[in-house]
Every structure is written in C-alpha cells, then in structure tokens.
Amino acid sequence: MEIGNQIKQLRLRRGITQEAMAQHFGISPQAVSKWENGYTLPDILMLCALADYFTVTTDELLGRKPKPLCAHRS
C-alpha cells in the first residue's frame with residue numbers, strides 16, 4: 001500500500017519531523033514511523049485529518065491514480 005510512502009514524502013516535503021507530526025495528532029513518533037515503514041496503517045478515522053494536514057485529497061494520500069472512464073455501453 002502506498003499510504004506509508006505518501007505520508008513520508010509529504011512530511012519530508014514540508015520539513016516536518018516525525019516527532020512534530022506525532023505531537024500534532026496526539027500520537028507517538030513510533031506510530032508515525034510504523035506507518036511510514038509499512039508496519040501498520042493509520043486508523044481510517046485519521047485519513048481526512050491527515051489529508052487536511054498535508055493539503056491533499058484522500059485519494060492522493062492513499063496513492064490512488066485516476067483511471068480512465070469506460071465508455072457507457074447501451
């Protein structure tokens with residue numbers, strides 16, 4: 001899953017430490033590290049808060065790429 005890499009890249013782009021990010025969300029720096037290294041995933045309830053924090057969409061946070069729409073068949 002892409003979310004760990006996305007969190008790490010977004011955090012580094014903003015120049016934020018794992019400690020500062022953890023403090024913002026009231027979690028441990030180890031939790032952030034585990035997300036970034038793919039050992040655990042953030043709780044689903046945190047997805048919107050994380051997306052807002054990084055000013056991205058939840059799709060971007062999850063690493064989703066838009067798929068071309070299929071033509072409607074009648």
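Please go through segment 48-74 and give me each residue that is more than 12 Å from the chain's Cα centre (by Cα) and open to solvent by 100 Å² or more (accessible area, probe 1.4 Å), ordered by number.
Lys65, Pro66, Lys67, Pro68, Leu69, Cys70, His72, Arg73, Ser74
So which residues in segment 1-47 are within 23 Å of Lys65 (Cβ to Cβ), within 11 Å of the chain's Cα centre (by Cα) and exposed (fewer than 12 other Cβ atoms within 10 Å of the Cβ), if there are any at all?
To start, the set of residues in segment 1-47 that are within 23 Å of Lys65 (Cβ to Cβ) comprises 1-14, 35-38, 41-42, 44, 46-47.
Filter again for within 11 Å of the chain's Cα centre (by Cα), leaving 1-11, 35-36, 41-42, 44, 46-47.
Across segment 1-47, the qualifying residues are Met1, Ile44.
Any idea how many residues of segment 30-63 are on the phi < 0 side of the Ramachandran plot and touching a residue at least 12 places away in the same chain (Cβ under 8 Å)?
17
Counting only residues that are among the charged types (D, E, K, R), give me the helices (runs of 4 or more DSSP H) lying completely in the chain with at least 2 of them.
Filter on the chain gives 3-13, 29-36, 58-62.
The values are calculated or read from the model by the stated rules, or taken from the named source; none is laboratory data. Note that the coordinates shown come from a computational prediction; the quantities given were computed from them, not determined experimentally. Cβ coordinates were reconstructed from backbone atoms using ideal geometry, including for glycine residues, and neighbour counts include every protein chain displayed. To get the accessible areas, we keep the full protein, side chains included, count just its heavy atoms, and leave off ligands, DNA and RNA. Shrake-Rupley method; radii C 1.70, N 1.55, O 1.52, S 1.80 Å.
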